[in-house]
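Contents: one structure, followed by commentary.
The values are calculated or read from the model by the stated rules, or taken from the named source; none is laboratory data. Quick caveat: nothing in here was measured; it's all calculated off a predicted structure. Neighbour counts run over all protein chains shown; Cβ positions are idealised from the backbone, glycine included.
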Protein chains: 2
Amino acid sequence: MAKQAGSRTRNARGSRTGRPIMALLDLLGRRWSLRILWELRDGPLTSRALRGACDEASPTVLQARLTELREAGFVELGDGGGYGLTPLGRDLCETFMPLHRFAERWKV
Amino acid sequence: MAKQAGSRTRNARGSRTGRPIMALLDLLGRRWSLRILWELRDGPLTSRALRGACDEASPTVLQARLTELREAGFVELGDGGGYGLTPLGRDLCETFMPLHRFAERWKV
DNA sequence: CGCTTTGCTACAAATAATGTAGCGTACTGC
DNA sequence: GCAGTACGCTACATTATTTGTAGCAAAGCG
């Protein structure tokens, strides 16, 4: 897979409307992105702990997502090891935290 | 692709913790799911209009997502044609609408 | 040094998405 | 009735992404 590093607002799969919401929607709409942010919500985790929390998702994708998420400025690798949310990432997390309540209500 | 229809709270890729948030995170963390909900936010669209709004995403995935989203009860196919959000779907949409503001702030 | 854990990578096999074409069913206007 | 058009939806070969398993180099520790 191409490493596809890039600028923060990498174009969301062709959507270069300039609307950052599209880039965000595209980034979050990738497998495990949301889950990673979710699992990191209350404190940093080591890459392996994170993997554990994510149903043993393959390290390949996890690493890829983690890189993207870091480039986006939502996640960072702490100096003592372990991935954690940046202030911005924490902010984003708050943003869709209400999903939790929604999900509980939905479940049916 | 397997049609993988199913109960609403289909298990999120192995995560059968019973936490519906996982199912939701998994469903939304699929390509185009978030985008579809987003594009439907202010009114129903025909399948083709939706495709247009989603950068001409292939009808294959769109149809797949639409089916999943319908099974989840977020989207419905109106009698006169055209896809629209259900009340529940509209609710969900509201839930992550703040993302818009966040994205604007983020963009950098 | 041996043992363990860290972040991270390789790589083949499986699965999902893309792009293009087209089907069957309406609904027009004529 | 019969073209013309738009609808929801499907087929299918090509391409991209994910999975699963194995393993690396670096760091910490006894």
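Structural remarks
- Residue check, B:Arg41 of a type outside the set (Ser, Thr, Tyr), outside any helix (DSSP H, G or I) and either surrounded by fewer than 17 Cβ atoms within 10 Å (Cβ to Cβ) or near DNA strand D (Cβ under 9 Å from one of its atoms) (or both): yes
- Residue that is nearest to DNA strand D (Cβ to nearest atom) [pool: residues in the stretch A:67-90 that are hydrophobic (A, V, I, L, M, F, W, C) and in contact (Cβ under 8 Å) with a residue 24 or more places away in the chain]: A:Leu69
- Evaluated against (1) outside any helix (DSSP H, G or I); (2) at pLDDT 95 or above; (3) over 11 Å from the mean Cα position of the chain (by Cα), B:Gly84 falls short on exactly one condition, (3).
- As a summary of the residue check, A:Arg105 satisfies the conditions (1) touching a Phe, Trp or Tyr at 6+ places or on another chain (Cβ under 7 Å); (2) among the charged types (D, E, K, R); (3) surrounded by fewer than 17 Cβ atoms within 10 Å (Cβ to Cβ) except for the one numbered (1).
- Among the criteria (1) within 16 Å of DNA strand C (Cβ to nearest atom); (2) in a loop (DSSP other than H, G, I, E, B); (3) more than 30 Å from A:Leu88 (Cα to Cα); (4) not hydrophobic (A, V, I, L, M, F, W, C), the one B:Gly73 does not fulfil is (1).
- Checking B:Asp79 against (1) part of a helix (DSSP H, G or I); (2) more than 8 Å from chain A (Cβ to nearest Cβ), the condition it does not meet: (1)
- Test for A:Gly73: is it under 13 Å from the mean Cα position of the chain (by Cα), at positive phi and within 13 Å of chain B (Cβ to nearest Cβ): yes
- Among the residues making up the stretch A:51-66, those that are more than 8 Å from DNA strand D (Cβ to nearest atom) and surrounded by fewer than 15 Cβ atoms within 10 Å (Cβ to Cβ) are A:Gly52, A:Gln63.
- Looking only at the stretch B:25-59, and only at residues there that are touching a residue at least 12 places away in the same chain (Cβ under 8 Å) and more than 16 Å from DNA strand C (Cβ to nearest atom), the one that is farthest from the other protein chains (Cβ to nearest Cβ): B:Pro44
- Inter-residue pairs, beta-carbon under 7 Å, first within 7 Å of another protein chain (Cβ to nearest Cβ) and in the stretch A:91-108, second charged (D, E, K, R) and part of a loop (DSSP other than H, G, I, E, B), 6+ apart: A:Val108/B:Arg8
- When the stretch B:18-62 is filtered for residues that are aromatic (Phe, Trp, Tyr) and within 15 Å of B:Leu92 (Cα to Cα), only B:Trp38 remains.
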